[in-house]
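Written out below as structure tokens is the structure these notes cover.
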Ligand code: 9MR
């Protein structure tokens, strides 16, 4: 039996993952902070003017901090290749050097490579020998900072730089202090995708490392580091595919919202406010956006009473300017990473805790009601456990349950607060695996029956649907949706992606698909079509809340993180557009499903 839960929670929480490409941590960057600019490893005259700029001059002399000799001999890179990826594990025993003016150098010991974070841009780097094509490569590191570093409030920035030519650098990656815990391992990640394919070269070696940002103190230890190169050139998922789904506009094929989860500063690379390819795809095909991260609790109220709407406002304003609705996600979610510390550490009464929860909901919903185009909300996310054969509400793993006095009362209180603040908004309960028509679905229906009987204001159910090619069955997906339809509630597919690899189906990794071939792409097309068709066939028009995909390109999916079940390998290929924003066959499948066209793998 598949267990999707494993795939979501364990790593993200325990390692405090932050990823430049698709990860969540970057979004916690304090709104007032300067952007993550490198000035030490890039001569100051060529430093990009903002973190999101690709304005690296074409001709620049190397800085004194960067050795002019590109000899990479000190690095031992052990590579393992498959048809899909090459992973370079960096040697932590030698080859590293201090980087940045005034750097005291690195210490190498059994823990890894350490440096004293004595100032902004102080860090450690090592070399990768040419030829190495780093465009879209993912750099993953496990770092451990000292208590002084944590207390200093400084941040970390993974960097990469070509050691010659224009000395182009990747300066967009940002791991905010909030994702670091004193003396605790944290996984940080960066997708190298500085504009214009600067890293797609063979002439020069490349230096890779991490540096402190802000006014740091203490030490930083890099415990491990690896580089996962992009798909090989013959992969249809990473190269300029000649395929066209011939879909003019997905949203024009439906009279309900067609959405995508998008980022702003939580993923600088895929920032909807600055990435023109992301904008083009979103504006062409979607009329609803969900914030992948930045409307979660800790982003909006990091400390009690301090609401930080800047990033979310910019996101909503962009949507509004393009006539795109926003689906609010998520008012209440137990997952540790987005629960504000003041709630996790609550020592007051349960009644006061519920009041604090209501204050969060009321303040947030009021705020976006005033802006105008947030029309629906995931009010409570994932409150039901995965118990088998009997599911129940989450208990000890939910701050909300525990702090509400070991009670699920918080769920209905959340819905009541949301309804009071937004009488016309559509209010959803959102969860994963309920599409399996299993014990969790049964518990869901029990809750819906109870809520309806007692007048708790709920309008619909969000089926996340992070699914696989082979699981769950269309019959179970339809049956589960029908149970919600029969309650008179709306059904919304809120987070759809279809991973081509299923790590839970028993044969893994022996049956791992390592190359996104045309045949795989067409099978995925059929699967997308069948899922959308099941939705259209099962949910009556007036109960369709819409369909949202969880991301745009395969490059930005959450399923490629270092700590997901895919171990940082880009082998899920779960979305509608390839790494270069080209249409995939899955886009055609989605469109066919909306139009009732036969679902085929042709
Ligand atoms: O896609 C999101 C990823 O960037 C974050 O790191 C992660 C933790 O905050 O959340 C991901 O989105 C989740 C969504 O909010 C709720 N359902 C499961 C999604 C995938 O984990």
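Quick note: the coordinates plus some simple rules give every number you see, no bench work behind them. Predicted, not measured: the structure shown is a model, and the values here were computed from it. Using ideal geometry, Cβ is built from the backbone for each residue, glycine included, and neighbour counts are taken over all protein chains shown.
One table, with the values for the structure above:
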| read-out | value |
| --- | --- |
| Alpha-carbon Rg/Rh ratio, for the stretch 283-367, with Rh computed the Kirkwood way | 1.03 |
| Between the stretch 243-300 and the stretch 362-394, the Cα center-to-center distance that results, in Å | 20 |
| Gyration tensor (alpha-carbon) shape descriptor, the stretch 209-339, a/c threshold 1.5 | oblate |
| Förster radius 56 Å - calculated FRET efficiency between residue 449 and residue 183 (Cβ-Cβ, nearest 0.05) | 0.70 |
| Residues 411, 547 arranged by fewest to most Cβ contacts within 10 Å | 411, 547 |
| The stretch 230-372, relative contact order [Cα under 8 Å, separation at least 6], % | 19 |
| Part-to-part distance (alpha-carbon centres) for the stretch 560-602 and the stretch 477-495, which is given in Å | 23 |
| Cα→Cβ-extended label distance, 7 Å offset, between residue 350 and residue 101, nm | 5.9 |
| Cβ-based exposure ranking for 136, 185, in which fewest neighbours within 10 Å come first | 185, 136 |
| Spatial separation of Cα centroids for the stretch 519-558 and the stretch 204-221, in angstrom | 41 |
| Gain on full stretching of the segment that runs from residue 215 to residue 518 - 0.36 nm per residue minus C-alpha separation | 104.1 nm |
| For the stretch 297-377: relative contact order, % (alpha-carbon pairs under 8 angstrom, 6 or more apart) | 45 |
| Ordering of 484-492, 328-336 by packing [mean C-beta count within 10 Å, highest first] | 328-336, 484-492 |
| Estimated FRET transfer efficiency when R0 is 35 angstrom, pair residue 110-residue 504 (beta carbons, to 0.05) | 0.50 |
| Cα gyration tensor shape for the stretch 444-486, rounded if a/c is under 1.5, else prolate or oblate | prolate |
| Gyration tensor (alpha-carbon) shape descriptor, the stretch 238-289, a/c threshold 1.5 | oblate |
| Order of 599, 173, 529 - criterion: other Cβ atoms within 10 Å of each residue's Cβ, fewest first | 599, 529, 173 |
| Inter-label distance for residue 277 and residue 336, nm, one decimal - labels placed 7 Å from Cα along Cα-to-Cβ | 3.5 |
